[in-house]
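Some notes on the structure that comes next.
The values are calculated or read from the model by the stated rules, or taken from the named source; none is laboratory data. All values reported here derive from a predicted model rather than from experimental measurement. FYI the Cβ positions are ideal-geometry reconstructions off the backbone, even for glycines, and counts take in every protein chain you see.
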Amino acid sequence: MKKSHWLVAGLAAMLVLACSSQKEPAENAIAKIDATLSAVHDAAAKYAPDTLSSVEAQVASLKQNLSKGNYKEVLAAAPAVTAAVASLKEDAEAKQSAADAALAQVKQQWRTLSADVPKALEALHARVDALSKSKLPKGVTKASLESAKAGAASLDTMWSEASSAVSNEDYAGAVAKAQAVKDKAAELMHSLGAT
């Protein structure tokens, strides 16, 4: 009987040692996962929010197992969670790169338009002023001149809105408004007989 007590005690001690030997690797695995997830969290929240919530749920499950002392389960699941975090990081970085490239393109469009549109508006105002003081050319009526005057004033407002959009970092909105101003200015110039 004494021998069996020692055997049971020995097995229990080995089990405790085995569990405690898995505790530190399990904690380390979660710490590494947490550090990687923390580094990519903001980009993932912006560019891959659905994947982020799935990965966060997997990490929460790992932590729950750790708190229950299920170190073996933590160590078994950690590689899959690590891979999910790495995949999330790649996805968020790829989407961020694409968004940055698109923003750079829109900013370049803005730079071009911010040079062209003021010139177009200036030419339109000059044409309206010149026609207001002289005889109207063939094909231009008093009504079309008045319409162009009103249109030019409206375009000035739209151009101000486009410039305001840039101050608010809305380059896509600014480009859309600026392109509309440029197109409408060209249309009005054409209605005033300018080629």
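Here's the yes/no breakdown for (1) more than 30 Å from Leu103 (Cα to Cα); (2) among the basic types (Lys, Arg); (3) out of contact with any strand residue (DSSP E or B) (no Cβ under 8 Å at 6 or more places or on another chain):
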position: Lys119; (1), (2), (3): no, yes, yes
position: Ser144; (1), (2), (3): yes, no, yes
position: Asp156; (1), (2), (3): no, no, yes
position: Tyr171; (1), (2), (3): no, no, yes
position: Ala178; (1), (2), (3): no, no, yes
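Only one of Ala153, Ala165, Ala176 is assigned to a helix (DSSP H, G or I), over 25 Å from the mean Cα position of the chain (by Cα) and either of a type in the set (A, V, I, L, M, F, W, C) or modelled with pLDDT under 95 (or both); which? Steps first, answer last, please.
On the way: Ala165 fails: over 25 Å from the mean Cα position of the chain (by Cα); Ala176 fails: over 25 Å from the mean Cα position of the chain (by Cα).
Checking each option against the conditions leaves just Ala153.
Each row is one residue, and each column tells you yes or no for (1) outside the structural domain of Lys46 (by TED's automatic domain parsing); (2) among the small types (Gly, Ala, Ser); (3) free of Cβ contacts under 8 Å to residues at least 24 places away in the same chain; (4) surrounded by 12 or more Cβ atoms within 10 Å (Cβ to Cβ).
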residue: Leu88; (1), (2), (3), (4): no, no, no, yes
residue: Ala104; (1), (2), (3), (4): yes, yes, yes, no
residue: Gln108; (1), (2), (3), (4): yes, no, yes, yes
residue: Thr112; (1), (2), (3), (4): yes, no, yes, yes
residue: Asp129; (1), (2), (3), (4): yes, no, yes, yes
residue: Ser144; (1), (2), (3), (4): yes, yes, no, yes
residue: Glu161; (1), (2), (3), (4): yes, no, yes, yes
residue: Asp170; (1), (2), (3), (4): yes, no, yes, yes
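Which of (1) under 30 Å from Val55 (Cα atoms); (2) exposed (fewer than 14 other Cβ atoms within 10 Å of the Cβ); (3) among the basic types (Lys, Arg) is the odd one out, the single condition Lys95 does not satisfy?
The failed condition is (2).
Pairs, please: C-beta under 6 Å, at least 6 apart or cross-chain, first residue in the same structural domain as Asp34 (by TED's automatic domain parsing) and modelled with pLDDT under 95 and in the stretch 58-80, second among the basic types (Lys, Arg) and part of a helix (DSSP H, G or I)?
Sorted first by the residue in the stretch 58-80, then by its partner, the pairs are Tyr71/Lys23.
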